[in-house]
Structure formats: structure tokens, C-alpha cells
Amino acid sequence: MEEFNLNYELVKEFIIEFIREETYSNGFKKCVVGLSGGVDSAVVAYLSAEALGKENVKAIIMPYKDSDPASKEDALLVVKKLGIPNELIDITEIVDAYFKGNVANVRKGNFLARIRMSVLFDKANEFNALVMGTSNKSELILGYSTWYGDMAASLYPIGDLYKTEVFEFARFLNVPEKIVKKKPSADLWPGQTDESELGASYKALDSILKLYIDQRITKEEILSLGYKKELVDNALNRIKKTQFKRTFPPVAKFSPRTVGLDFLYPHDFKV
């Protein structure tokens, strides 16, 4: 099993500086964070508050009628711990005005994620702020996130940390243990958990991802290390099937320079 050992003090300093640099260079001083009550958004809130000052981080909590009540409770616990401004916005009426009758869980879950991100970007506009993304590396690599939903953010502070690392980082940051220990869930429908949908634990999947992504070890080499073929196939197939989520939408190129292909400057390029 691949080990995950990071210098979390160094990681913390790096991400805090990343948040400051990306926020200020974009011309902002504030951010909004969608607090779900889960460990990822809690970690991002903790880091953002330290980077920008607690008065400059606004938590937006967006329950739906089917949401686990504990999600709101845990989100409010983070707000209380950090002393950051917050706003509670129930999205039930918005969602139910669109859907009539029964609808598939995944379809409705994706809609919930996109509605929440729409609210976040509107609140960012009102607050003159950036939207902090809360996706981790495991979710991004596996495509386990909603395209233009929770993936739509101004920046990803923990986007290069595997979920397994986020758990340990959260403990280092003193995120409440009840948040760290609960089963990861996007809370998009009753009883939903990440690992039941992914078909394996984050620890098992992250171990494979670290070998394949970071160390560029081939599938055959991973299997030779004793990993089960079903588990490896699950992880690698998810990466392949969701590559479209990690790329700029294809542009039909016919000019000398094309957005997303060969016009690739960062946001702070010189003019």
C-alpha cells in the first residue's frame, strides 16, 4: 500500500500563500466558501480564514429538504470555530420548482451541485469575492464531481491533496474530529456516500492514483505489486472516462492562436 507522508506545516504555509497570491493578483481581497459540513470544505475554510482574515471569508450553507441535518450542524460548527460570517440559504424551493415528481438520484444530485455553485458565484459577486473550490485531488482525478457544479470555482486550494491526505491535514489544522471521522458524502440524496459510489475506499483508490498519476507507473506494474485487477481497472477506467471534465472544452481551431490550445497564458500575464 502506497504511503502518504507529507510535511503538513509546509503544506499549510504553501497553500496559505497560494490563496493570498491568487486572490490578490486577481484584484480581490475576499472569498466565499460553500460549507457542506464535510472535511474538504472545512479545511478550505480554515486555510482561507488564515490566509485572508476571518472577516474576509464568508461561508454559504445551502441545505436541501433531503439533506442530512448533521451536515448543517457541522457546517455551523466550523463557522463558530473560525468566527467567520455566514449565510444560510435553503435551496429546496429552487430545486422543487424545476423538478416535478420522481427523478433519478444522479440527475437530481448534479442539479443540486450546480444550483449551489450558481448561488456561490452570485454571492461572490455580491461580496466582491472569489469562490474557493473545495475539490480534492482524488475527486478531480477520478472525475467524482459535477461538471460545472462543484468543479466550477475560482481556484482549488486542496486540489493537489488526495482525500487520504486531506483527512490527516484536517487533523493537523484541528478541524473538529466529528467532521474528520464521518463517512465522506456529498449528501446529494439520503444515504449517499462517496465510497459506496466509487466502489472502494479512498485509501485503496488513492494508493493506486499516487502510483499511476504521480509516479507514472503503468497498469501492469501496479498489478505486479499485488493490487487487485478489479480495483485497478475501476480507478483507471474512471480516469479515462472523465478526462473531458479536466480539459478546456474543445474549440474548432482555424486561426493562428486559439483559446485552450495555444493561447494559454495565466491570468496575470503581462500586457
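The values are calculated or read from the model by the stated rules, or taken from the named source; none is laboratory data. Everything quoted here is computed from the prediction, not taken from an experiment. Quick reminder, even Gly has a Cβ in these numbers, built from the backbone with ideal geometry, and neighbours come from all protein chains shown. Note: areas computed on protein heavy atoms with side chains; ligands, DNA, RNA excluded. Shrake-Rupley method; radii C 1.70, N 1.55, O 1.52, S 1.80 Å.
Please report, as a whole percent, how much of the solvent-accessible surface of the range 199-245 comes from carbon and sulfur atoms (probe radius 1.4 Å).
51 percent
How much length, in nm to one decimal, is gained on full extension between D160 and K81, taken as 0.36 nm per residue of separation minus their Cα-Cα distance?
25.9 nm
Restricting to Cα atoms and excluding each atom paired with itself, what does the Kirkwood estimate give for the range 127-271 in Å?
Across the range 127-271, the inverse of the average 1/r is 17.5 Å.
Per the Kirkwood treatment, what hydrodynamic radius in Å, one decimal, follows for the chain from the mean inverse distance over all distinct Cα pairs?
19.8 Å
Quick one: dipole size for the chain, taken about the Cα centre, charges +1 on Lys/Arg Cβ and -1 on Asp/Glu Cβ, in debye to the nearest 20.
Charge dipole of the chain: 560 debye, to the nearest 20.
Report the paramagnetic label zone for I213: residues of the range 28-45 whose backbone N is under 19 Å from a point 7 Å from Cα along the Cα-to-Cβ axis.
The answer is 39-44.
Which stretch or stretches of the range 138-175 have amide N atoms under 19 Å from the point lying 7 Å from S25's Cα along the Cα→Cβ direction?
Inside the label zone: 153-161.
Please compute the contact order of the range 128-271 in relative form: average sequence separation of alpha-carbon pairs under 8 Å and at least six residues apart, divided by the residue count, as a percent.
Relative contact order, the range 128-271: 20 percent.
Where only protein heavy atoms count, and the probe is 1.4 Å, what is the accessible area per residue for the chain in Å²?
Using a 1.4 Å probe on heavy atoms only, each residue of the chain averages 54 Å².
Would you please state the base-10 log of I(q)/I(0) at q = 0.30, 0.32 1/Å for the range 224-271, with intensities from the Debye formula using one equal scatterer on every alpha carbon?
-1.08, -1.11
Ranking request for peptides 248-259, 16-27: highest mean number of other beta-carbon atoms within 10 Å first, then the rest in descending order.
Ranked from most to least packed, the peptides come out as 16-27, 248-259.
What's the carbon and sulfur percent of the range 1-143's accessible surface, probe 1.4 angstrom, rounded to a whole number?
50 percent
If each residue of separation counts as 0.36 nm, what is the full-extension length gain between L225 and V259 once their alpha-carbon separation is subtracted?
This chain segment gains 8.1 nm when fully extended.
To the nearest Å, what is the center-to-center distance of the range 164-223 and the range 10-36, using C-alpha atoms only?
23 Å
How big is the convex hull of the Cα atoms of the range 73-133, per residue, in Å³?
So the per-residue Cα hull volume is 113 Å³.
Under a straight-distance cross-link criterion of Cα-Cα below 24 Å, which lysines are reachable from K123, leaving out those fewer than 8 residues away in the same chain?
K29, K30, K54, K58, K65, K72, K80, K81, K108
Using a Förster distance of 35 angstrom, determine the FRET efficiency expected from the C-beta separation of N5 and W189, and round it to 0.05.
0.50
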